[in-house]
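Below: one structure, written as structure tokens.
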Amino acid sequence: MAETVMGVETEYMLSAFYQDGARVDQSDAMGMLYHAAERTLRYLPGAGPGGMFVENGSRFYIDCGGHPEIASPEVTSPWDVVRWQLAADRILVGLAEELRRENPTVAAAHVYRNNIGYDVGVSQATWGCHGSYRYTSNPDRLPNELVSHLASRLIYTGGGGFSNLSLGANFTLSPRVAHLCHVVSYHSTNARGIFHTKDEPLARSGHRLHLYCGESLHSEEAAVLRHGTTALVLAMVDAGLRPGEGMRLRAPLEAMRDFANDPTCRRATAETETGRSVRALDIQRHYLHLAEMAIGEPFMPEWAEALCGRWRAVLDLLEEGGAAAAATKLDWAIKYAIYTEMARRQGLTWDQIAVWSNVVQQVGAVLQRRKPETPISITLQDALTGDSPAAPRVRRLTPVLRRHDLTWDDLDAFLDLRLRLFEADTCFGRLGEGGIFAEMDRAGLLEHHAPGVDRVDEAMTTPPATTRAALRGKWIKELAGNRGSNADWSGIFNARTGEWLDLSDPLTTREEWKSDDERLRVMAAAQFGMPPSFESLIRREGRRPAPGEQPGRFSVGDPIILGRHESVDGNQNWNADMDQFVGQRATILRVVGLDSAGCEVVRVTADQSRYVWRTRNMERAPDCVA
């Protein structure tokens with residue numbers, strides 16, 4: 001049977017508070033967290049963009065958005081993807097607790113695995129959970145065969161919540177959908193697409209599918225299905241089949257939005273290229289049927305039959321009862337049940353909430369054009385005054401409210417519910433004590449556990465046995481603390497011997513050390529980001545450090561104070577936009593190397609890794625600020 005290779009990259013939110021209740025600056029919190037990781041985890045420094053590879057084969061780093069992220073080790077089954085993601089959760093919770101113990105001025109540090117952020121107005125903050133899959137077919141073939149699956153799988157893989165691009169409280173099966181702008185796109189931080197064309201060469205052969213349209217899921221059942229169903233569709237494409245045939249959507253992005261707005265999973269339809277009207281359930285049953293027909297074929301993984309059984313069961317469940325039937329099993333349905341009860345206690349139905357959301361959106365749009373800096377919750381109250389610029393709109397919308405037995409006197413109740421819904425949605429994703437999902441799970445109120453997702457504590461320190469991660473983890477344990485040794489997805493550098501462990505085959509479990517391979521020497525200099533000794537800098541940059549330069553004075557995770565670059569031999573390496581960050585505290589995200597003047601440069605959190613900063617013109621900041 002064929003072997004699959006997959007993994008997941010998960011972005012987390014860290015929120016820390018001082019003893020007086022003030023929130024810890026995000027860059028300071030990241031620095032504290034990274035230092036806690038350095039002191040408590042067995043790891044090797046990561047190459048290239050930095051971070052660290054830890055003993056279970058995963059990579060921990062501070063992403064360019066200034067948040068912690070963990071990329072799981074490579075695994076060969078969807079159950080193992082979920083196992084090592086849960087292990088990552090526990091690692092992060094442990095680091096947050098260590099941060100609190102090591103910094104007496106910090107009263108609390110909480111880790112969240114959410115998808116979007118809210119504030120009193122409209123926030124566009126998002127956190128990603130990116131699926132990663134190895135495949136061998138022509139990349140140009142994938143969108144036609146995969147997009148319809150991705151657009152419709154959200155009926156069981158949606159994270160649930162509200163659109164944070166709306167002034168109302170619009171529940172959606174998948175908050176991520178509101179942030180997708182294209183069907184196919186290369187971009188990851190803006191102009192995102194359903195299908196992501198990024199194809200990083202992290203292995204000797206094949207391609208890497210990197211999907212940005214997925215969401216963090218707390219339900220084990222939903223997470224297993226997300227990774228497993230997508231891997232089976234890819235296996236069929238690799239075998240030369242055309243699973244998307246007959247289900248290609250005429251307007252995939254619009255279809256995805258309609259599917260996300262239908263908690264019944266049975267009403268919303270979309271048109272295929274052949275003119276057929278289909279539901280998300282119909283599309284998923286099409287892919288499931290083809291996968292079941294291929295069970296036992298050499299190109300399918302050995303776990304295909306078990307996965308298809310769970311796939312069919314969840315589709316049958318949704319067909320029979322929609323949100324109510326899945327209210328203890330799938331993330332979005334669990335949330336929908338909670339939020340429906342919250343609305344009922346406030347005396348509102350979802351239909352009334354939809355009316356209020358539309359009304360608030362219209363009024364708010366007028367007010368924000370006039371006062372864009374003012375929180376919408378305040379300006380909405382101002383709209384009811386006679387001299388408000390939105391007064392004409394308020395008068396036109398009054399009959400709309402009356403038709404639904406609502407009045408403007410009910411606005412406060414709606415805004416209060418909106419705020420409490422957003423707070424609950426944030427708290428749902430908090431890991432450990434105090435998180436809504438975690439507390440419901442501990443109380444035995446949920447039925448989301450997937451048989452086969454087990455031994456999570458063991459996975460915190462043990463790598464998967466079926467991929468190159470096993471060798472990576474073994475040698476991280478062996479070389480941890482050995483100065484100069486480092487790691488990347490495709491290799492380990494042993495500074496004791498000067499040799500490289502070649503891990504360019506993601507399915508290798510055989511050690512192959514190399515010392516005379518020119519390609520690996522280049523990797524040592526350019527990709528693996530070796531500590532900048534004179535020799536490695538000459539090999540990597542083609543020049544020596546500037547006079548008086550001391551490469552290696554700072555490391556990833558160090559808290560620093562940014563300074564203006566001084567001229568070195570007439571070269572200042574400065575952009576006027578950098579002026580705004582001078583004097584600010586920041587955390588080092590990546591040690592880049594040498595600039596054209598031979599000065600060591602790094603990327604930092606303050607500007608979200610946009611510019612390179614010379615270490616010679618920065619100072620070390622205190623670890624804590626009271």
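As a rough guide to protection, the peptides 87-93, 301-307 ranked by mean Cβ packing within 10 Å, highest first, stand as 87-93, 301-307. The trypsin sites (Lys or Arg not before Pro) of segment 547-626 that meet both conditions, a loop assignment by DSSP and at most 15 other Cβ atoms within 10 Å of the site Cβ, are R553, R564, R610. Pull out a ≥ b ≥ c, the square roots of the eigenvalues of the alpha-carbon gyration tensor of the chain, then state rounded if a/c is under 1.5, prolate if not and a/b is larger than b/c, and oblate in the remaining case. In terms of gyration-tensor shape, oblate.
The HN-Hα couplings worked out from phi for segment 203-215 by the Karplus form 6.51 cos²θ - 1.76 cosθ + 1.60 (θ = phi - 60°) are 8, 5, 9, x, 10, 10, 8, 10, 9, 9, 8, x, 10 Hz, whole numbers, x standing for Gly and Pro. 3J(HN,Hα) along segment 432-444, derived from phi through the Karplus expression 6.51 cos²θ - 1.76 cosθ + 1.60 where θ = phi - 60°, amounts to x, 4, x, x, 4, 4, 4, 5, 5, 5, 5, 7, x Hz, with x in place of Gly and Pro. Cross-link partners of K514 among lysines, defined as those whose alpha carbon lies under 21 angstrom from its own and excluding same-chain residues fewer than eight positions apart: K474, K477. Note that segment 477-488 has calculated 3J(HN,Hα) couplings of 5, 6, 9, 3, x, 7, 4, x, 6, 7, 9, 8 Hz, one per residue in order, obtained from phi through the Karplus relation 6.51 cos²θ - 1.76 cosθ + 1.60 (θ = phi - 60°); glycine and proline are x. 7 Å from Cα along Cα→Cβ at both L384 and D457: what's the point-to-point distance in nm? The answer from the label model is 5.4 nm.
Projecting label points 7 angstrom from Cα along Cα→Cβ for R101 and M342 puts them 3.4 nm apart. For segment 402-463, the list of GluC sites (Glu not before Pro) that fall in a loop by DSSP and count at most 10 other C-beta atoms within 10 angstrom reads E433.
Between S596 and F17, what is 0.36 nm times their sequence separation minus the Cα-Cα distance? Round to one decimal in nm.
Details: separation 579, 0.36 × 579 = 208.44 nm, distance 4.09 nm.
That works out to 204.3 nm of additional length.
Take 168-176, 339-347 and order them by the average number of nearby Cβ atoms within 10 Å per residue, most first; the result is 168-176, 339-347. Rounded to the nearest 500, the 222 nm mean residue ellipticity of the chain from helices alone is -11500 deg cm²/dmol, with -39,500 (n - 2.57) taken per DSSP H run of at least 4 residues. Near the amide H of G491, within less than 5 Å, lie the amide hydrogens of L503, all on another chain or at least 5 residues away, with H placed in the peptide plane.
For V24, nonlocal amide neighbours, meaning residues 5 or more places apart or on other chains whose placed amide H falls under 5 Å from its own, are A16, F17, Y18. Principal semi-axes of the equivalent ellipsoid, √(5λ) from the alpha carbon gyration tensor of segment 19-105, are 25, 14, 12 Å from largest down.
The length gained on full extension between D351 and E439, counted as 0.36 nm times the residue separation minus their Cα-Cα distance, comes to 28.7 nm.
Shown here are the Rg and Dmax of the Cα trace of segment 226-359, at 17.5, 57 Å. The trypsin sites (Lys or Arg not before Pro) found in segment 475-515 that occupy coil by DSSP, while having at most 12 further C-beta atoms within 10 Å, are R483, R496, R510. List the lysines whose Cα lies under 28 Å from the Cα of K198, skipping any in the same chain that are fewer than 8 positions away. Excluding near neighbours in sequence, the set is empty. Between the amide H of G593 and those of V601, distances stay under 5 Å, these residues lying 5 or more places away or on another chain, with hydrogens modeled in the peptide plane.
A short reminder: the numbers here are calculations on the coordinates, not readings from a lab. Being a predicted model, the structure only gives us computed values, none of them experimental. Heads up, the Cβs are rebuilt from the backbone with ideal geometry, glycines too, and the neighbour counts pull from every protein chain shown.
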